Amino acid sequence: MITRVLYIDPSDFKESELVPAADVIKSGGLVIFPTETVYGIGADATRPECAAKIYSAKGRPSDNPLIVHLADPSDAEQYAYTSPLFYRLAGAFMPGPLTVIMPKKDSIPTTVTGGLDSVAVRVPSHPVANALIRLSGLPIAAPSANISGRPSATNAGYALRDFNGRADVIVDGGESDCGLESTIVRITGRDSLLLLRPGAVTPDEIMKKAGCVLEISDAVTGKLAEGERPLSPGMKYRHYSPSKPLTLVSGSREARIRFFRKAQETENAAVICYDEQLPHLRRENAIPAGGETDLETQAHRLFYALRAADSLPCGSIYANLPPASGLGLALYNRLIRAAAYRIEDADSAPDKNTRK
Ligand code: AMP
Ligand code: MG
């Protein structure tokens with residue numbers, strides 16, 4: 001299969017330019033497209049064989065469900081049992097980077113939902129994604145456009161590296177805005193939600209704007225116990241991982257800089273650092289990922305930084321442990337998985353020069 005590339009300028013395009021991509025969705029094929037979170041690899045969400053194609057292209061375990069992308073929140077009626085809380089969330093955050101899980105209707109095959117009787121829906125705000133869904137006239141099942149377990153793709157080049165020859169069309173619409181996948185909540189009651197995956201929409205914003213309580217699932221910051229059944233199946237899989245071991249580093253500012261420098265000297269390690277740390281480090285093995293307090297830029301650059309660090313000639317990667325609150329919670333959640341839960345405290349770490 002040859003993957004056709006369609007270049008679309010998100011700030012200036014005619015819907016007709018997307019007709020070839022919409023036709024591929026209608027005829028049961030795979031289309032990679034930009035969203036405001038990350039790139040997605042999508043197909044018709046109403047046909048089980050289309051979902052099967054996505055799982056096989058990604059190498060994704062078939063019990064890890066796909067998010068169904070819609071053009072408008074009111075379309076959710078056709079696929080899910082909605083509630084007033086859903087419409088409050090939709091009014092505040094849709095279109096945008098929020099995914100809501102509700103009981104599913106029969107119109108969505110269980111292949112899409114990994115066998116679950118619930119469905120995750122999202123209305124992307126990216127103009128290209130939105131137009132593609134509208135033109136195809138179908139809900140589009142689309143996980144992130146990366147081979148299962150690898151960092152998500154935030155531009156067409158990264159997506160193509162994973163899927164050239166495995167998707168019918170890729171729509172190149174430039175860089176994704178947020179750079180992190182959507183926030184996922186499950187509706188658990190009339191006025192209650194469970195946060196399954198943090199993202200750009202933060203817990204405080206959700207509670208304030210939707211007037212509800214939100215519980216944060218333990219799996220957001222922690223590790224599942226052996227044999228524990230996750231509420232969101234994606235949580236049990238290794239995720240976002242570079243091919244080299246990543247370790248997160250906590251501790252005082254000074255201790256972290258000392259720690260990173262020693263790691264560069266003794267292990268030839270790559271460091272994903274704050275911009276402020278860069279002058280203190282060996283630049284050729286340091287990837288600046290935004291200012292220390294600029295969490296938006298850090299979110300935007302996270303997957304780029306993981307891929308960039310991975311491609312340096314180094315044996316290991318270190319990064320700062322982010323604060324587990326606000327937008328930092330989303331960074332923490334992704335990094336802790338990418339690091340397979342490895343954290344070192346720079347204040348109590350032995351001097352790396354004296355290590356064997
Ligand atoms: P991705 O599409 O790669 O961003 O991953 C989607 C995430 O949504 C995965 O972690 C899934 O486990 C989660 N998800 C999708 N549908 C459901 C559902 N019905 N119930 C729980 N989690 C879901
Ligand atoms: Mg993913």
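Values quoted throughout were computed directly from the atomic coordinates according to the rules given, and no laboratory measurement underlies them. Treat the numbers as computed from the prediction; the structure is a model and nothing was measured. Neighbour counts run over all protein chains shown; Cβ positions are idealised from the backbone, glycine included.
Key figures for this structure:
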item	result
Candidates R261, R190, R334, ranked by Gaussian network fluctuation over the chain, Cα under 10 Å, top entry	R190
Amide H partners (placed H, <5 Å) of R342, local residues excluded	L248
Distance (nanometres) between label positions extended 7 Å along Cα→Cβ at I2 and Y81	5.0
Backbone HN-Hα couplings from phi across the range 141-147 [Karplus 6.51/-1.76/1.60, Hz, Gly and Pro as x]	7, 8, x, 5, 7, 9, 4
Per-residue Cβ neighbour rank within 10 angstrom, fewest leading, V271, V19, V128, V220	V19, V220, V128, V271
Residues Y318, Y240 arranged by fewest to most Cβ contacts within 10 Å	Y240, Y318
Extension gain, S325 back to E205 (0.36 nm per residue minus Cα-Cα distance, nm)	42.0 nm
Mean separation of Cα contacts under 8 Å, 6 or more apart, over the residue count of the range 92-138: relative contact order %	43
Residue-wise HN-Hα coupling along the range 153-165, computed from phi with Karplus coefficients 6.51, -1.76, 1.60 (Hz; x: Gly, Pro)	8, 10, 8, 5, x, 5, 5, 5, 4, 7, 10, 4, x
Amide proton proximity set for G114, modelled H, under 5 Å, gap of 5+	L66
GNM flexibility winner over the chain from S176, S11, S148 (Cα, springs under 10 Å)	S11
Residue order, fewest to most surrounding Cβ atoms within 10 angstrom, among L132, L331, L196	L196, L331, L132
Antiparallel bridge percentage (DSSP; both residues within the range 1-136; nearest 5)	75
Model label zone, R282; criterion: amide N under 20 Å from point 7 Å along Cα-to-beta-carbon; scope the range 314-338	314-320
For the range 324-339, Karplus couplings with θ = phi - 60° (6.51, -1.76, 1.60), whole Hz, Gly/Pro x	8, 8, x, 5, x, 4, 5, 5, 4, 4, 6, 5, 5, 6, 4, 8
For G291, residues with placed amide H under 5 Å, excluding near neighbours	D275
